[in-house]
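Worksheet for the structure shown next.
Rule-based calculations on the coordinates, nothing more; no lab input. Values in this document were obtained by computation on a predicted structure and should not be read as measured data. Note: ideal-geometry Cβ built from the backbone for every residue, glycine included; neighbour counts use all protein chains shown.
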Amino acid sequence: MTTRRISDLAAATHVTVSARDENSGEEITIQLPIVRGSAGAPAVDISTLPAATGLYTLDPGFVATGSCRSAITFIDGPAGVLLHRGYGIDDLAAKSSYLEVVYLLLNNRLPASQRRLDLFTEEVIRRMSVDRRLESFMSGFPDDAHPMAVMVGTVGALSAFYHDCRGVKAMNESERALAAVRVVAKLPTIAAMAYRHSVGLPYVAPRRGKSFAANLLNMCFASPLDGGEFVAPPPCFEKALDVFLLLHADHEQNASTSTVRMAASSEANPFACVAAGIASLWGPMHGGANEACIRMLREIGTKDRIPEFLARAKDKNDPFKLMGFGHRAPQRRWRRAPRHRCDGFATVPAPQVYTETSTREPRR
């Protein structure tokens with residue numbers, strides 16, 4: 001027989017907490033309200049707990065604690081569900097574009113018309129350009145600097161170019177919207193610049209009239225031999241990158257999101273807050289797991305060593321971790337990764353980029 005829990009009581013409005021002094025027999029009882037959302041497990045509002053009891057909660061890692069009410073993203077790992085503003089990721093990946101999902105996340109609704117989406121897309125593409133002085137700033141990094149270090153420093157430097165940005169709470173709606181669009185628009189440009197800096201290639205500016213994904217591919221992989229001309233990527237590559245970005249558009253209250261919100265609570269510059277989030281994303285227990293996975297595969301080396309490393313991963317006394325397989329939230333096949341067939345990959349060669357970082361002298 002399945003044990004019922006408090007969350008199963010659909011009509012329950014509060015939980016009762018009581019404590020009894022075993023010496024005097026005195027007993028104190030308080031009630032805490034239950035908060036219910038449109039999806040997910042209900043929560044207990046403990047905001048009055050310290051004043052009512054003099055007690056605080058202890059929840060390392062905030063595993064059982066919600067920090068805010070949100071209508072942006074919902075994840076149910078065991079059920080394999082990811083919703084953005086109530087829309088399932090399957091439908092969004094199949095029928096929408098990355099920037100359409102960005103519009104949804106920022107505005108709580110999909111664009112009312114294709115014209116509205118086109119205007120938003122034009123606005124984002126127009127703001128993908130960065131100040132020339134930011135390019136000079138990036139040139140000061142060593143050629144072999146870690147790309148996440150470059151991202152943290154350069155995105156943080158945006159706060160010097162947009163120092164008129166007040167804290168998020170002090171901004172009006174239009175100011176917050178502009179700051180959000182700037183973040184969405186300029187981070188791909190900075191990422192592409194960081195990549196080209198690492199391989200000794202000149203920076204490539206974004207182009208008006210090209211898609212977000214096509215611009216990112218061109219800014220990363222355009223050859224100097226093209227004479228500055230825009231070379232359209234294979235449509236299959238463009239679509240694949242757009243879906244990839246869409247699938248990673250938002251992921252609820254993860255470590256980097258929580259870091260940005262924590263920094264923003266001090267009314268810091270929004271770009272400085274995003275830089276703090278990038279620093280959190282860098283770690284191998286978060287976004288850096290991809291890099292850690294590559295390092296692990298290189299360490300394993302050959303397939304005959306796989307059993308050895310699987311045994312190490314199962315040994316609680318061995319510090320070795322199996323990186324890059326699975327995710328903390330999902331516990332079954334996740335719908336964030338719907339299957340999309342792209343026959344063009346079988347016939348279109350991958351972009352080739354000439355690199356010489358292994359033979360160049362370190363920049364002084």
Out of Gly209, Leu225, His163, whose Cα points farthest toward the positive end of the dipole of region 123-266 (charges: +1 Lys, Arg; -1 Asp, Glu; placed on Cβ)?
His163
Centroid-to-centroid separation of region 63-102 and region 236-255 [C-alpha atoms, Å]
12 Å
Ranked list, fewest to most other Cβ atoms within 10 Å of each Cβ, for Thr2, Thr154, Thr257
Thr2, Thr257, Thr154
Label of the coordinate-derived value, volume of the Cα convex hull per residue in Å³, listed as [x] 176; [y] 239; [z] 138
[y]
How big is the dipole moment of region 7-66 about its Cα centre under a simple scheme where the beta carbon of each Lys and Arg is +1, that of each Asp and Glu is -1, and everything else is neutral? Debye, nearest 20, please.
260 debye
Only loop residues by DSSP count here, and only those with at most 15 other Cβ atoms within 10 Å; note down the trypsin sites (Lys or Arg not before Pro) in region 53-155 that meet that.
Arg69, Arg109
In the Gaussian network model of the chain, springs joining C-alpha atoms below 10 Å, which of Leu117, Leu247, Leu55 carries the largest mean-square fluctuation?
Leu55
About the Cα centre, and with charges only on the beta carbon of Lys, Arg (+1) and Asp, Glu (-1), how big is the dipole of the chain? Nearest 20 debye, please.
680 debye
Output the relative contact order of the chain, whole-number percent, from Cα pairs under 8 angstrom with separation of 6+ residues.
19 percent
Work from the charge dipole of region 27-150 (Cβ charges, +1 for Lys and Arg, -1 for Asp and Glu, about the Cα centre) and give the residue of Thr57, Phe74, Phe141 farthest towards its positive end.
Phe74
What shape does region 81-282 have by the C-alpha gyration tensor, where a ≥ b ≥ c are the square roots of the eigenvalues, rounded means a/c under 1.5, and otherwise prolate means a/b greater than b/c and oblate the rest?
oblate
Residue among Asp143, Asp164, Asp118 with the largest mean-square fluctuation in a Gaussian network model of the chain, springs linking Cα atoms under 10 Å:
Asp164
Checked against the positive end of the charge dipole of the chain (+1 on Cβ of Lys and Arg, -1 on Cβ of Asp and Glu, about the Cα centre), the farthest of Asn172, Leu187, Gly277 is Leu187
Enter the angle in degrees (range 0 to 90, nearest 10) between the Cα long axis of helix 114-126 and the first principal axis of the Cα atoms of the chain, meaning the one along which they spread out most.
70 degrees
Note on region 7-66: contact order normalised by length, alpha-carbon pairs under 8 Å, 6 or more apart, percent, works out to 23 percent
Specify whether the C-alpha gyration tensor of region 182-233 places it in the rounded, prolate or oblate class, a ≥ b ≥ c being the square roots of the eigenvalues: rounded for a/c under 1.5, otherwise prolate if a/b is larger than b/c and oblate if not.
oblate
How high is the relative contact order of region 34-125, in percent, with contacts defined as C-alpha pairs under 8 Å that are six or more residues apart?
14 percent
